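Accompanying notes for the structure given below.
Each value in this text was obtained by applying a stated rule to the coordinates, not by laboratory testing. Worth saying up front: this structure is predicted, and the values here are computed from it rather than measured. Here the Cβ is made from the backbone with ideal geometry for all residues, glycine too, and neighbour counts use every protein chain on show.
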Amino acid sequence: MKSETTSQGVKVPEATLLFWILKILATTLGETGGDAVTMTLGWGYLLGTLLFAALFAVVVVVQTTRRTFHPVVYWLAIVSTTTVGTTLADFADRSLGIGYLGGTTLLVALLALSLFAWWKGTGSIAVGSVSTPRAEIHYWVAILFSQTLGTALGDWTADSLDMGYLGASALFGGLLAAIALLRLWPRVPRAGLFWAAFILTRPLGAVLGDFLDKPHDQGGLALSRFGATSVLLGLLAAGVLLLPQRAATRSH
């Protein structure tokens, strides 16, 4: 009988330039799509969160039951985490009244705890280790917390710190560029750089999404939320279906 560590291939893609482009598209889509349901359709943050949480649960079950990496299933799971992250962060920040800073602080703690539990349980938080059921569960819990954190962090930076959507976009884009430069130093842990970049793409996508659909008097372009979501979904689908991706290299 095969051991758990060799029971399946790595279930997540290699972190190439294409991966990061698709991730930013997915996070921006999550913002506009989440706002379209909660605001434009008037569902509110709680019902919107329940809807997208159910979608997340279904897609992740499909993802975790597959034995190999499948790009369409993987990116559907990512999109589901960005939408539920958007509505969940908005529900915590606004409906529960803990504010952007309170929500950001809480989610930083939850993400750090989830990554620590993953490292403690498997000995690695590298994406190349996501080849067992246990590692994959830890991976998607960390993904969900990071996506929710990114929404709260983006709102806090753009609104509470009064940087605006373009200023916040420049900040997060600059931080991502700095992380890319740190890859030139071989002694910097690659897993840490990956998660730092993964987290920062979410607030970047959040403020870009807000810039697209917020009213002019709030610094946005006032585009249709459903229109922006459709365009972003089309770009993401084209990238996933037409451009080749490969699974990350297995690590232990």
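How much length is gained if the chain between residue 66 and residue 241 is pulled fully straight, taking 0.36 nm per residue apart and subtracting their Cα-Cα distance, in nm to one decimal? Write out the running numbers ahead of the final one.
Working: separation 175, 0.36 × 175 = 63.00 nm, distance 1.83 nm.
Contour length minus the Cα-Cα distance gives 61.2 nm.
What percent does the relative contact order of the stretch 145-252 come to when contacts are Cα pairs within less than 8 Å and at least six residues apart? Walk me through the numbers before you get to the answer.
On the way: 91 pairs, mean separation 29.5, N = 108.
Taking the mean separation of contacting Cα pairs over the length of the stretch 145-252, I get 27 percent.
For residue 94, put the label point 7 Å out on the Cα→Cβ axis and report which residues of the stretch 42-64 keep their amide N under 15 Å from it. 42-50, by backbone N distance to the label point. Summarising the label geometry, the points placed 7 Å from Cα in the beta-carbon direction at residue 109 and residue 40 lie 3.6 nm from one another.
Between beta-carbons, use under 15 Å as the cut-off and find the net charge around residue 106, counting Lys and Arg +1, Asp and Glu -1. Summing Lys and Arg as +1 and Asp and Glu as -1 gives -2. Charges were assigned to the Cβ only: +1 to each Lys and Arg, -1 to each Asp and Glu. The resulting dipole of the chain about its Cα centre is roughly 1200 debye. Under a Gaussian network description of the chain, with springs only between Cα atoms under 10 Å, the residue in 240, 12, 62 that fluctuates furthest is 62.
Between residue 50 and residue 120, the modelled label-to-label distance comes to 3.3 nm, taking each label 7 Å out from Cα in the direction of the beta carbon. Looking at the calculated P(r) for the stretch 56-155, what percent of the C-alpha pair distances fall above 23 Å? Taking all Cα-Cα pairs of the stretch 56-155, the fraction more than 23 Å apart is 29 percent.
Among 186, 203, 13, the residue with the largest mean-square fluctuation in a Gaussian network model of the chain, with springs joining Cα atoms closer than 10 Å, is 186. Directionally averaged projected area (the chain, Cα convex hull): 13.2 nm². Quick check on the stretch 131-179: take the gyration tensor over C-alpha atoms, sort the square-rooted eigenvalues as a ≥ b ≥ c, and tell me if it's rounded (a/c under 1.5), prolate or oblate. Oblate, since a/c reaches 1.5 and b/c is not below a/b.
Once the other residues with Cβ under 15 Å from the Cβ of residue 21 are scored (Lys, Arg +1; Asp, Glu -1), what is the net sum?
Values: positive: 23, 202; negative: 14.
It works out to a net charge of +1.
Paramagnetic label reach from residue 14 (point 7 Å along Cα→Cβ; backbone nitrogen cut-off under 19 Å): within the stretch 143-184, residues 180, 183-184. Farthest toward the positive end of the dipole of the stretch 9-241, out of 87, 191, 206, is the Cα of 191, where the dipole comes from beta carbon charges about the Cα centre.
Which value at 222 nm does the chain reach when only helices count, each DSSP H run of 4 or more adding -39,500 (n - 2.57), with the total divided by all residues and rounded to the nearest 500 deg cm²/dmol? Result for the chain, helices only: -23500 deg cm²/dmol. Here the simple spin-label model places points 7 Å from the Cα toward Cβ, and for residue 180 and residue 161 these points are separated by 2.0 nm.
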